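Each remark here refers to the structure printed beneath this line.
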Amino acid sequence: MARKLIAAGNWKMNTTIDEGITLAQRVSSADRNKNVLTILAVPFTHLFPVMKKVKISSGVKLAAQNCHHKTSGAFTGEISPAMLAGMKIPYVVIGHSERREYNHEDNALLALKVRAALDAGLKVIFCCGEALDIRKSRGHVAHVKNQLTDSLFMLSASEMKNIVIAYEPIWAIGTGETATPAQAQEMHLAIREMLRKKYGKRVADNTSILYGGSVKGSNAAELFGQPDVDGGLVGGASLSADEFVTIINSFGRKAV
Ligand code: 13P
(Lines give C-alpha, C1' and ligand atoms only; values in the text may rest on other atoms or scores of the structure.)
Protein backbone atom coordinates (compact mmCIF):
# COMPACT_ATOMS: atom_id res chain seq x y z
CA MET A 1 0.00 0.00 0.00
CA ALA A 2 1.30 3.43 -0.91
CA ARG A 3 0.40 6.53 0.97
CA LYS A 4 -2.15 8.74 -0.72
CA LEU A 5 -1.62 12.22 -2.09
CA ILE A 6 -4.49 14.30 -0.74
CA ALA A 7 -5.89 17.76 -1.35
CA ALA A 8 -8.51 18.46 1.30
CA GLY A 9 -10.56 21.64 1.39
CA ASN A 10 -11.81 22.75 4.79
CA TRP A 11 -14.63 25.16 4.11
CA LYS A 12 -15.05 25.94 7.83
CA MET A 13 -18.25 27.97 8.49
CA ASN A 14 -18.51 29.31 4.95
CA THR A 15 -20.96 29.12 2.04
CA THR A 16 -24.73 28.95 1.94
CA ILE A 17 -26.10 25.67 0.65
CA ASP A 18 -26.48 27.04 -2.89
CA GLU A 19 -22.93 28.37 -2.90
CA GLY A 20 -21.65 25.13 -1.46
CA ILE A 21 -23.32 22.96 -4.07
CA THR A 22 -21.99 25.17 -6.87
CA LEU A 23 -18.48 25.07 -5.42
CA ALA A 24 -18.52 21.29 -4.98
CA GLN A 25 -19.87 20.77 -8.50
CA ARG A 26 -17.19 22.99 -9.99
CA VAL A 27 -14.42 21.14 -8.15
CA SER A 28 -15.81 17.69 -8.93
CA SER A 29 -16.30 18.38 -12.63
CA ALA A 30 -12.92 20.09 -13.12
CA ASP A 31 -10.01 18.53 -14.94
CA ARG A 32 -8.16 17.16 -11.92
CA ASN A 33 -5.11 15.00 -11.28
CA LYS A 34 -6.76 11.64 -10.65
CA ASN A 35 -3.77 10.44 -8.59
CA VAL A 36 -4.80 12.94 -5.96
CA LEU A 37 -7.56 12.14 -3.50
CA THR A 38 -9.77 15.22 -3.27
CA ILE A 39 -11.70 15.68 -0.04
CA LEU A 40 -14.19 18.43 0.79
CA ALA A 41 -14.77 19.09 4.49
CA VAL A 42 -18.08 20.93 4.28
CA PRO A 43 -20.47 22.19 6.98
CA PHE A 44 -22.78 19.53 8.46
CA THR A 45 -25.79 21.09 6.76
CA HIS A 46 -24.13 20.61 3.35
CA LEU A 47 -23.04 16.98 3.63
CA PHE A 48 -26.18 15.33 2.35
CA PRO A 49 -27.12 17.79 -0.42
CA VAL A 50 -23.54 17.94 -1.69
CA MET A 51 -23.30 14.16 -1.65
CA LYS A 52 -26.48 13.94 -3.73
CA LYS A 53 -25.26 16.45 -6.31
CA VAL A 54 -21.63 15.46 -6.70
CA LYS A 55 -21.14 12.47 -8.95
CA ILE A 56 -19.64 9.43 -7.22
CA SER A 57 -17.59 8.89 -10.38
CA SER A 58 -15.82 12.20 -9.78
CA GLY A 59 -13.87 10.57 -6.94
CA VAL A 60 -14.42 13.53 -4.64
CA LYS A 61 -14.90 12.40 -1.03
CA LEU A 62 -16.66 14.27 1.73
CA ALA A 63 -15.61 14.97 5.29
CA ALA A 64 -17.38 16.38 8.31
CA GLN A 65 -15.45 19.04 10.20
CA ASN A 66 -16.13 17.60 13.65
CA CYS A 67 -18.13 14.97 15.50
CA HIS A 68 -19.12 14.16 19.06
CA HIS A 69 -17.38 11.43 21.04
CA LYS A 70 -20.57 9.54 21.93
CA THR A 71 -22.81 7.47 19.67
CA SER A 72 -26.07 9.04 20.83
CA GLY A 73 -27.62 10.74 23.82
CA ALA A 74 -28.77 14.01 25.34
CA PHE A 75 -26.23 16.28 23.65
CA THR A 76 -28.30 19.02 22.06
CA GLY A 77 -26.88 20.36 18.84
CA GLU A 78 -24.24 17.66 18.44
CA ILE A 79 -23.62 15.18 15.61
CA SER A 80 -22.37 11.67 16.35
CA PRO A 81 -19.91 9.58 14.34
CA ALA A 82 -22.67 6.99 13.87
CA MET A 83 -24.85 9.62 12.20
CA LEU A 84 -22.06 10.48 9.77
CA ALA A 85 -21.30 6.83 9.08
CA GLY A 86 -25.01 6.22 8.51
CA MET A 87 -24.90 8.84 5.77
CA LYS A 88 -21.85 7.14 4.22
CA ILE A 89 -19.61 10.12 4.93
CA PRO A 90 -16.12 8.60 4.80
CA TYR A 91 -13.99 11.18 6.65
CA VAL A 92 -14.15 13.43 9.68
CA VAL A 93 -11.71 16.17 10.69
CA ILE A 94 -10.79 15.96 14.37
CA GLY A 95 -8.64 18.29 16.43
CA HIS A 96 -8.67 21.39 14.26
CA SER A 97 -6.94 24.24 16.11
CA GLU A 98 -10.06 26.39 15.84
CA ARG A 99 -12.02 23.75 17.77
CA ARG A 100 -9.19 23.36 20.25
CA GLU A 101 -9.23 27.11 20.82
CA TYR A 102 -12.90 28.13 20.60
CA ASN A 103 -14.49 24.91 21.87
CA HIS A 104 -11.79 24.04 24.40
CA GLU A 105 -11.16 20.61 22.94
CA ASP A 106 -8.12 19.13 24.63
CA ASN A 107 -5.97 16.12 23.78
CA ALA A 108 -7.93 13.80 26.08
CA LEU A 109 -11.28 14.69 24.52
CA LEU A 110 -9.78 14.38 21.04
CA ALA A 111 -8.60 10.88 21.90
CA LEU A 112 -12.21 9.97 22.70
CA LYS A 113 -13.38 11.50 19.43
CA VAL A 114 -10.77 9.62 17.41
CA ARG A 115 -11.76 6.36 19.14
CA ALA A 116 -15.47 6.98 18.53
CA ALA A 117 -14.96 7.96 14.90
CA LEU A 118 -12.92 4.85 14.09
CA ASP A 119 -15.35 2.62 15.97
CA ALA A 120 -18.14 4.01 13.78
CA GLY A 121 -16.13 3.17 10.65
CA LEU A 122 -15.02 6.69 9.75
CA LYS A 123 -11.56 7.72 8.63
CA VAL A 124 -10.01 10.59 10.58
CA ILE A 125 -8.07 13.61 9.42
CA PHE A 126 -6.32 14.45 12.67
CA CYS A 127 -4.98 17.99 13.04
CA CYS A 128 -1.98 19.00 15.10
CA GLY A 129 0.23 22.07 15.20
CA GLU A 130 1.80 24.67 17.42
CA ALA A 131 1.15 28.33 18.24
CA LEU A 132 3.72 31.01 17.41
CA ASP A 133 5.14 31.34 20.92
CA ILE A 134 5.82 27.61 21.03
CA ARG A 135 7.65 27.75 17.71
CA LYS A 136 9.64 30.79 18.81
CA SER A 137 10.80 28.93 21.90
CA ARG A 138 11.64 25.91 19.69
CA GLY A 139 9.11 23.66 21.39
CA HIS A 140 7.15 22.86 18.22
CA VAL A 141 8.28 19.29 17.67
CA ALA A 142 7.73 18.35 21.32
CA HIS A 143 4.31 20.01 21.24
CA VAL A 144 3.17 18.05 18.20
CA LYS A 145 4.60 14.87 19.69
CA ASN A 146 2.44 15.42 22.79
CA GLN A 147 -0.65 15.98 20.67
CA LEU A 148 -0.08 12.77 18.72
CA THR A 149 0.90 10.75 21.79
CA ASP A 150 -2.13 11.84 23.80
CA SER A 151 -4.79 11.63 21.08
CA LEU A 152 -3.60 9.09 18.49
CA PHE A 153 -0.98 6.74 19.81
CA MET A 154 -3.46 4.61 21.75
CA LEU A 155 -4.47 3.20 18.35
CA SER A 156 -3.19 -0.08 17.00
CA ALA A 157 -0.98 -0.21 13.94
CA SER A 158 -3.83 -1.56 11.84
CA GLU A 159 -6.13 1.27 12.97
CA MET A 160 -3.55 3.78 11.75
CA LYS A 161 -4.59 2.85 8.20
CA ASN A 162 -7.64 5.02 8.80
CA ILE A 163 -5.73 8.08 9.99
CA VAL A 164 -4.49 11.02 7.95
CA ILE A 165 -2.41 13.54 9.89
CA ALA A 166 -2.65 17.25 9.09
CA TYR A 167 0.12 19.47 10.44
CA GLU A 168 -1.29 22.97 10.71
CA PRO A 169 0.92 25.52 12.48
CA ILE A 170 -1.55 27.92 14.09
CA TRP A 171 0.54 30.96 13.15
CA ALA A 172 0.06 30.09 9.47
CA ILE A 173 -3.71 29.53 9.53
CA GLY A 174 -5.67 32.29 7.85
CA THR A 175 -2.76 34.68 8.30
CA GLY A 176 -1.34 34.62 4.81
CA GLU A 177 1.92 33.55 6.41
CA THR A 178 2.92 30.09 5.24
CA ALA A 179 5.48 27.78 6.76
CA THR A 180 8.44 27.65 4.43
CA PRO A 181 8.76 24.36 2.54
CA ALA A 182 11.79 23.62 4.73
CA GLN A 183 9.81 24.24 7.94
CA ALA A 184 6.98 22.02 6.70
CA GLN A 185 9.38 19.28 5.66
CA GLU A 186 11.20 19.42 9.00
CA MET A 187 7.99 18.84 10.94
CA HIS A 188 6.58 16.25 8.54
CA LEU A 189 9.80 14.27 8.74
CA ALA A 190 9.71 14.54 12.54
CA ILE A 191 6.10 13.26 12.56
CA ARG A 192 7.03 10.38 10.28
CA GLU A 193 9.89 9.53 12.62
CA MET A 194 7.44 9.54 15.58
CA LEU A 195 5.23 7.13 13.63
CA ARG A 196 8.21 4.93 12.83
CA LYS A 197 9.30 4.77 16.47
CA LYS A 198 5.80 3.97 17.68
CA TYR A 199 4.49 1.72 14.89
CA GLY A 200 7.41 0.80 12.64
CA LYS A 201 8.40 1.65 9.10
CA ARG A 202 5.32 0.32 7.37
CA VAL A 203 2.87 2.59 9.19
CA ALA A 204 5.28 5.53 8.92
CA ASP A 205 5.67 5.07 5.17
CA ASN A 206 1.96 4.55 4.55
CA THR A 207 0.49 7.43 6.58
CA SER A 208 -0.36 10.55 4.61
CA ILE A 209 0.78 13.74 6.35
CA LEU A 210 -0.82 16.94 5.05
CA TYR A 211 0.33 20.51 5.54
CA GLY A 212 -2.23 23.22 6.36
CA GLY A 213 -1.80 26.95 6.78
CA SER A 214 -2.27 29.49 3.98
CA VAL A 215 -1.80 26.95 1.18
CA LYS A 216 -2.53 28.72 -2.12
CA GLY A 217 -2.27 28.00 -5.81
CA SER A 218 0.98 29.95 -5.82
CA ASN A 219 2.77 28.02 -3.06
CA ALA A 220 1.26 24.52 -3.23
CA ALA A 221 3.72 23.05 -5.73
CA GLU A 222 6.72 23.96 -3.62
CA LEU A 223 5.15 22.66 -0.40
CA PHE A 224 3.90 19.45 -2.02
CA GLY A 225 7.31 18.99 -3.59
CA GLN A 226 8.78 18.18 -0.18
CA PRO A 227 9.31 14.44 0.21
CA ASP A 228 7.27 14.08 3.41
CA VAL A 229 4.46 16.49 2.52
CA ASP A 230 1.70 14.34 1.04
CA GLY A 231 -0.74 17.12 0.35
CA GLY A 232 -2.64 19.91 2.01
CA LEU A 233 -5.56 20.79 4.23
CA VAL A 234 -6.65 24.05 2.69
CA GLY A 235 -8.92 26.66 4.23
CA GLY A 236 -9.50 30.00 2.50
CA ALA A 237 -8.16 28.96 -0.90
CA SER A 238 -10.56 25.99 -1.07
CA LEU A 239 -13.49 28.42 -1.27
CA SER A 240 -12.51 29.28 -4.84
CA ALA A 241 -12.97 26.37 -7.24
CA ASP A 242 -10.28 27.63 -9.62
CA GLU A 243 -7.75 28.14 -6.85
CA PHE A 244 -8.49 24.80 -5.23
CA VAL A 245 -8.24 22.93 -8.53
CA THR A 246 -4.88 24.61 -9.13
CA ILE A 247 -3.82 23.27 -5.73
CA ILE A 248 -5.09 19.76 -6.55
CA ASN A 249 -3.06 19.88 -9.74
CA SER A 250 0.12 21.08 -8.02
CA PHE A 251 1.59 17.68 -7.15
CA GLY A 252 4.79 17.00 -9.01
CA ARG A 253 5.14 13.42 -7.84
CA LYS A 254 3.13 10.23 -7.81
CA ALA A 255 2.05 8.46 -4.65
CA VAL A 256 5.02 6.68 -3.06
P1 13P B 1 -6.09 28.59 5.65
O2 13P B 1 -5.72 27.80 4.43
O3 13P B 1 -7.21 29.56 5.41
O4 13P B 1 -4.88 29.21 6.27
O5 13P B 1 -6.66 27.54 6.72
C6 13P B 1 -5.96 26.40 6.98
C7 13P B 1 -6.82 25.50 7.77
O8 13P B 1 -7.13 25.78 8.92
C9 13P B 1 -7.33 24.28 7.14
O10 13P B 1 -7.91 23.44 8.07
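The values are calculated or read from the model by the stated rules, or taken from the named source; none is laboratory data. Since this is a predicted model, take the numbers as computed values, not measurements. When we count neighbours, we look across all protein chains shown, and the Cβ atoms used for this are built from the backbone with ideal geometry, even at glycine. SASA here: full protein model, heavy atoms, side chains in, ligands and nucleic acids out. Shrake-Rupley method; radii C 1.70, N 1.55, O 1.52, S 1.80 Å.
Listed values, structure above:
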{"quantity": "For the stretch 57-209: span of alpha carbons on each principal axis (Å, largest first)", "calculated": "43, 35, 34"}
{"quantity": "Quarter of the Cα convex hull surface for the stretch 104-182, i.e. its orientation-mean projected area (nm²)", "calculated": "6.1"}
{"quantity": "Spatially proximal lysines relative to LYS88 (Cα-Cα < 23 Å; intrachain offsets below 8 disregarded)", "calculated": "LYS4, LYS12, LYS34, LYS52, LYS53, LYS55, LYS61, LYS70, LYS113, LYS123, LYS161"}
{"quantity": "Relative contact order %, the stretch 71-181, counting alpha carbon pairs below 8 Å whose residues are six or more apart", "calculated": "28"}
{"quantity": "Full-stretch length increase - PHE48, ILE17 - with 0.36 nm per residue and alpha-carbon distance subtracted", "calculated": "10.1 nm"}
{"quantity": "Solvent accessible area, Å² - MET83, 1.4 Å probe, full protein context", "calculated": "100"}
{"quantity": "Spatial extent of the chain: Rg and Dmax, with the Cα atoms as the point set, Å", "calculated": "16.8, 48"}
{"quantity": "Per-residue ³J(HN,Hα) for the stretch 59-69, Karplus 6.51 cos²θ - 1.76 cosθ + 1.60, θ = phi - 60°, Hz, x for Gly and Pro", "calculated": "x, 6, 9, 10, 9, 7, 8, 5, 7, 7, 9"}
{"quantity": "The stretch 175-219, accessible surface, carbon-and-sulfur percent (1.4 angstrom probe)", "calculated": "53"}
{"quantity": "Percentage relative contact order, the stretch 1-116, counting C-alpha pairs under 8 Å, at least six apart", "calculated": "23"}
{"quantity": "Test item: Cα-centred dipole of the chain, Lys/Arg +1 and Asp/Glu -1 on Cβ, debye", "calculated": "900"}
{"quantity": "For THR22, solvent-accessible area (1.4 Å; no DNA, RNA or ligand), Å²", "calculated": "70"}
{"quantity": "Order by protection proxy (mean Cβ within 10 Å, highest first), peptides 169-178, 231-240, 70-79, 135-144", "calculated": "231-240, 169-178, 135-144, 70-79"}
{"quantity": "Scattering profile of the stretch 84-147 at q = 0.15 Å⁻¹ [log10 I(q)/I(0), Debye over alpha-carbon scatterers]", "calculated": "-0.52"}
{"quantity": "Average accessible surface area per residue within the chain, 1.4 Å rolling probe, Å²", "calculated": "45"}
{"quantity": "Whether the stretch 145-249 is rounded, prolate or oblate, judged on the alpha carbon gyration tensor where a/c under 1.5 counts as rounded", "calculated": "prolate"}
{"quantity": "Principal axis dimensions, the stretch 1-67 - Cα atoms, whole angstrom, descending", "calculated": "36, 26, 16"}
{"quantity": "Inter-label distance, nm, simple model (7 Å from Cα along the C-beta direction), GLU101/ASN162", "calculated": "3.0"}
{"quantity": "Nonlocal amide H pairs with LEU40, under 5 Å, H built at 1.01 Å", "calculated": "GLY9, LYS61, LEU62, ALA63"}
{"quantity": "Amide H contacts under 5 Å for ASN66, placed H, 5+ residues apart", "calculated": "VAL93"}
{"quantity": "Whole-Å distance, taken between Cα centres, linking the stretch 32-61 and the stretch 180-256", "calculated": "20"}
{"quantity": "Helical mean residue ellipticity (222 nm; -39500 (n - 2.57) per DSSP H run of 4+; nearest 500) of the chain", "calculated": "-11500 deg cm²/dmol"}
{"quantity": "Positive-end residue, the stretch 42-112 charge dipole about Cα centroid, Cβ charges, pick of GLY95, ALA111, ILE79", "calculated": "ILE79"}
{"quantity": "Relative contact order %, the stretch 142-246, counting alpha carbon pairs below 8 Å whose residues are six or more apart", "calculated": "30"}
